[in-house]
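These notes concern the structure reproduced below.
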Amino acid sequence: MLKGKRGLVVGVANEDSIAFGCASKLRAFGAEIALTYLNDKAKPYVSPLAQQLDATILLPLDVTEPEQIKNVFDEIKNQWGSLDFVIHSIAYAPRDDLHGRLTDCSREGFLQAMQISCHSLIEIAHYAQPLMNNGGSIITMTYYGAEKVVDHYNVMGPVKAALEATVRYLAKELGEYGIRVFAVSPGPIKTRASSGIADFNDLINMAIQRSPAKRIVDIAEVGRVVGFLVGGGSSGMTGDVIYVDAGLHIMA
């Protein structure tokens, strides 16, 4: 259903990444994929996945380096000329700030978490807009800890809350260009990034116990929802937070 569409997926670290679950489903639905990797250390893990997906573009991207963001979109413009979607699936906070109380979070740690996890979406949208001549979709990943207090989520709660607000404002600003913006909110999924959260297994167990489905979701389920948001079936939607958490978010 996505044949002829081309898109960039940012945030693949390995085969367990939510970003890879999205990329693999988008490819299965017919889309052409461009991937990025964080640095030379990460490249050997991402390159085989790019080959598996027949990704025609594979580029380094560290969002703390503004030139790298520009270079990615310059290369997409050179090779493709246009873009239909972007999947933004990156987040980071320094370990000490992530594991400590928000009350004790350092200024440097907070700003770094906000820049990588939130402001990078704004930068990516800035460069993506001129390439989305026929409209498009920009999708980021959030978590329920943006809305309610979740033990051990700490500084990432406010950061993800800012990310969700950013989605709404981008949706408003880019709507006239036919660009729709979404945040997808999976339940807890075991990935390399989530392993940095203290006592993450407690979040997994809580989700299994409290969700109506009594289970957690997997990256393929997230990918299928992202495929729907990229496709025409969601043409009347924008600015939403879409939960893919086996119903966990509805529970009091």
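Each residue of the stretch 153-158 in turn: what ³J(HN,Hα) in whole Hz from Karplus with 6.51, -1.76, 1.60 and θ = phi - 60°, glycine and Pro shown as x?
7, 6, 4, 5, x, x
With no solvent and one equal point scatterer per Cα, compute the Debye intensity ratio I(q)/I(0) for the stretch 117-252 at 0.09, 0.10, 0.18 Å⁻¹ and report its log10, rounded to two decimals.
Taken in order of the listed q values, log10 I(q)/I(0) reads -0.28, -0.34, -1.02.
For R168 and N133 in the same chain, what is the full-extension length gain: residue separation times 0.36 nm, less their Cα-Cα distance, in nm?
Contour length minus Cα-Cα distance gives 10.5 nm.
Pick from R224, R101, R215 the residue whose mean-square fluctuation is largest in a GNM of the chain, springs joining Cα atoms under 10 Å.
R101
What residues qualify as long-range amide H neighbours of A13, i.e. H under 5 Å apart, gap of 5 or more or another chain, H built at 1.01 Å from N?
F20
Among rounded, prolate and oblate, which fits the stretch 6-250 when a ≥ b ≥ c are the square roots of the eigenvalues of its C-alpha gyration tensor, a/c under 1.5 means rounded, and a/b larger than b/c means prolate?
Note, shape of the stretch 6-250 comes out rounded.
Provide the per-residue ³J(HN,Hα) series for the stretch 160-172, in order, calculated from phi with Karplus coefficients 6.51, -1.76, 1.60 and θ = phi - 60°, each as a whole number of Hz, with x at glycine and proline positions.
Computed from phi, the couplings for the stretch 160-172 are 5, 4, 5, 4, 5, 5, 4, 4, 5, 5, 5, 4, 5 Hz.
If neighbour count is taken as other Cβ atoms inside 10 Å, put E75, E67 in order from fewest to most.
E67, E75
Where does each of V217, V241 land when they are ranked from fewest to most other beta-carbon atoms within 10 angstrom?
Ranking V217, V241 by Cβ neighbours within 10 Å, fewest first, gives V241, V217.
For the stretch 132-142, what does the Karplus curve 6.51 cos²θ - 1.76 cosθ + 1.60, with θ = phi - 60°, yield as ³J(HN,Hα) per residue in whole Hz, taken in order and with x for Gly and Pro?
Values, residue by residue: 9, 5, 10, x, x, 9, 10, 10, 10, 10, 10 Hz.
Build a GNM of the chain with springs between Cα atoms under 10 Å: which of I76, I138, I18 gets the top mean-square fluctuation?
Of I76, I138, I18, the most mobile in the Gaussian network model is I76.
Can you tell me how much longer the chain between D74 and R215 gets when fully stretched, taken as 0.36 nm per residue apart minus their C-alpha distance, in nm with one decimal?
Between D74 and R215, full extension yields 46.6 nm more.
Between M251 and R224, what is the spin-label point distance in nm, taking each point 7 Å from the Cα along the Cα→C-beta axis?
Distance between the two pseudo-spin positions: 2.1 nm.
Show the residues, 5+ positions off or on another chain, whose built amide H is closer than 5 Å to the amide H of Y37.
Sorted by chain and number, the residues that satisfy this are L59, L61.
Got a sec? How would E147, E173 order by Cβ neighbour count within 10 Å, fewest to most?
Ordered from fewest to most neighbouring Cβ atoms within 10 Å, E147, E173 come out as E173, E147.
For the chain, what is the mean residue ellipticity at 222 nm derived from helices alone (per DSSP H run of n ≥ 4: -39500 (n - 2.57); sum divided by total residues; nearest 500 deg cm²/dmol)?
-12000 deg cm²/dmol
Read the figures in this text as sums done on the coordinates, not as results from a lab. Source: prediction; values computed, not measured. FYI the Cβ positions are ideal-geometry reconstructions off the backbone, even for glycines, and counts take in every protein chain you see.
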